[in-house]
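Here's the structure we're looking at; comments come further down.
The values are calculated or read from the model by the stated rules, or taken from the named source; none is laboratory data. Since the model is a prediction, treat every value here as computed from it, not as a measurement. No Cβ is skipped: glycine too gets one built from the backbone with ideal geometry, and neighbour counts run over all protein chains shown.
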Amino acid sequence: ISNNLENFQYTIWNEFTQLVLKHQAINLGQGFPNFSCPQFVKDALTDAVNNNENQYSRSAGFPMLVEEIAKIYGIKHNRKIDPMTEIAVCYGAGEALCNIAMALINPGDEVIIIDPSFDIYIPQICIPGGIPIRVSLEPPIDNISPWTINFDKLESAFTNKTKIFLFNTPNNPVGKVFTREELEKIAQILEKWPNVVIVADEVYEHIVFDGKEHISLADIGNLWERSVTLSSAGKLFSITGWKTGWAVGGPIIIKNMVVSKLWISFCSNTVCQGAIARCLRFAENEYEDFPNYYKWLCKQYEEKRERIKYILNNSNVIKVQPLLSEGGFFLVGRILDDGDFIPEKFKNETSLDFAFCRWLIEEHKVSAIPCSAFFGENNKHFGSNLIRFALCKELSEYDKAEKILIR
Ligand code: PMP
Ligand code: GLN
């Protein structure tokens, strides 16, 4: 294997997916919906196939989809978006991130990210020779407060080498939704570094709880031209396996991303793009007595968040305190035990969260994901007693978990 990939052969997804399969555990770990996508999504795919949307398409995105995105995100961002120059459709937000890294990073460039952060960011930064600079959120002191950001620490991370500020709200894994006030403070710092490109990973944009509002960093101040904002149809329509996402933002960054895309995949999957264009249109309509599909979706996840909270608060099998989740696919719990009861074989020189999750799968057939995996070396201690539960599973999975964890 190349030197580039040598240090990136392990992923938590491989370890924990295999453990789940081996022990036939309830999978509240990896973040993919295990329920059927809505009927309108299936119908949209059938329509796209029948309409022969089956061949290679434009590299930056199938015209029908980019036009729909321009319309909908134009309203969202309250600006005119050019479908041909301000949008790039990719194989998921994951490939969008990869194209951004390939297109922008030279060896030695620094990328500031806020921990905890999705694990895919790090190899994508490192492979072209970039250096991740990880600033951690500070954990909440109780179970009703959000994670907070230390703006002085964030500000001191910027240097002349900073190329990209990579930012995620709603956050995977902790479910923090950044407030307007926080975004304005971040924007003030960014105003001092006008050459830094802003990448806002907003794949969970529509999943926000308790009537909170998702706000895009790119909409604050004058950041638009040097920002790209990512979303993912996988999360919006419960079709993570379609791997279709998009970046919307400044035309120079989009153009450069597409240069990378030309040589990686040339274009994204046309039939999925056609189907998703129809879905985006459909989703704006009233759905199941909700004003639109996304409001319905949010309600589903909010209910599941309540289920997990209930299970953790009432469990007499594990001592895990549910922390506040304001949005996204996940809720994080804090392990209140010291883990002395966990047999050595689960520890394998890793932190408590890893040992706890391996033990929980084998001993109780319930899976969660250890959160230290989402922190850089300097910040690992913030995650070493935290485990992440997915909100995106069928209700029956929570019923089963409840039977196991409340005796
Ligand atoms: N960013 C975050 C924060 C995610 O949780 C995910 C989900 N895997 C992605 C990006 C990648 O999304 P996609 O499946 O569209 O590539
Ligand atoms: N984003 C999802 C998660 O965090 C899926 C991760 C993956 O499959 N790579 O669980």
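Of all the numbered requirements in (1) farther than 20 Å from A93 by Cα; (2) away from ligand 2 (no atom under 14 Å from the Cβ), Y10 misses one, and that requirement is (2).
Please work out if A60 is buried (at least 21 other Cβ atoms within 10 Å of the Cβ), outside any helix (DSSP H, G or I) and more than 16 Å from ligand 1 (Cβ to nearest atom). Spelling it out, A60 is indeed buried (at least 21 other Cβ atoms within 10 Å of the Cβ), outside any helix (DSSP H, G or I) and more than 16 Å from ligand 1 (Cβ to nearest atom).
Report yes if some residue within the stretch 194-217 is over 27 Å from I369 (Cβ atoms), buried (at least 18 other Cβ atoms within 10 Å of the Cβ) and over 21 Å from the mean Cα position of the chain (by Cα); otherwise report no. Yes: the stretch 194-217 contains one or more residues that are over 27 Å from I369 (Cβ atoms), buried (at least 18 other Cβ atoms within 10 Å of the Cβ) and over 21 Å from the mean Cα position of the chain (by Cα). Against the condition within 16 Å of ligand 2 (Cβ to nearest atom) and either over 23 Å from W224 (Cβ atoms) or surrounded by fewer than 20 Cβ atoms within 10 Å (Cβ to Cβ) (or both), how does D119 come out, does it pass? Yes, satisfied.
For (1) more than 16 Å from ligand 2 (Cβ to nearest atom); (2) over 30 Å from K319 (Cα atoms), each residue gets a yes or a no:
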position	(1), (2)
W147	yes, no
N150	yes, no
K163	yes, yes
I189	yes, yes
W193	yes, yes
V203	no, yes
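Taking the criterion of being hydroxyl-bearing (S, T, Y) and either closer than 20 Å to L331 by Cα or within 14 Å of ligand 1 (Cβ to nearest atom) (or both), the residues of the stretch 10-48 that qualify are T11, T17. Give the stretch 70-102 a look and list any residue that's within 21 Å of the chain's Cα centre (by Cα) and under 12 Å from I254 (Cβ atoms), or say none. Hits for the stretch 70-102 are I87, A88, V89, C90, A96, N99, I100. Entry remark, the stretch 22-45: residues being away from ligand 2 (no atom under 16 Å from the Cβ) and of a type in the set (F, W, Y) number 1 in total.
For the stretch 194-226, a residue qualifies if it is within 28 Å of S156 (Cβ to Cβ), away from ligand 1 (no atom under 13 Å from the Cβ) and either outside the structural domain of T270 (by TED's automatic domain parsing) or not in a loop (DSSP other than H, G, I, E, B) (or both), and the qualifying residues are V197, I198, L217, A218, D219, W224, E225, R226. The residue that is nearest to the chain's Cα centre (by Cα), among those in the stretch 17-41 that are surrounded by 14 or more Cβ atoms within 10 Å (Cβ to Cβ) and assigned to a helix (DSSP H, G or I), is T17. Of the candidates R388, R358, the single residue that is in contact (Cβ under 8 Å) with a residue 60 or more places away in the chain and touching a Gly at 6+ places or on another chain (Cβ under 8 Å) is R388.
F165 passes every criterion in (1) farther than 19 Å from S232 by Cβ; (2) surrounded by fewer than 22 Cβ atoms within 10 Å (Cβ to Cβ); (3) not aliphatic (A, V, I, L, M) apart from (2).
Within the stretch 364-391, how many residues are crowded, with 24+ Cβ neighbours inside 10 Å and in a loop (DSSP other than H, G, I, E, B)? Qualifying residue count for the region: 3.
Table: residues versus (1) at pLDDT 95 or above; (2) among the polar types (S, T, N, Q); (3) assigned by TED's automatic domain parsing to the domain that holds N27; (4) farther than 21 Å from N34 by Cα.
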site: F356; (1), (2), (3), (4): yes, no, yes, yes
site: S367; (1), (2), (3), (4): yes, yes, yes, no
site: C371; (1), (2), (3), (4): yes, no, yes, yes
site: S384; (1), (2), (3), (4): yes, yes, yes, yes
site: A390; (1), (2), (3), (4): yes, no, yes, no
site: K393; (1), (2), (3), (4): yes, no, yes, no
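Among residues of the stretch 227-241 being assigned to a strand (DSSP E or B) and more than 12 Å from the chain's Cα centre (by Cα), the one that is farthest from ligand 1 (Cβ to nearest atom) is S227. Every condition in (1) assigned to a helix (DSSP H, G or I); (2) of a type outside the set (S, T, Y); (3) under 30 Å from G211 (Cα atoms) is met by L324 except one, and the failing one is (1).
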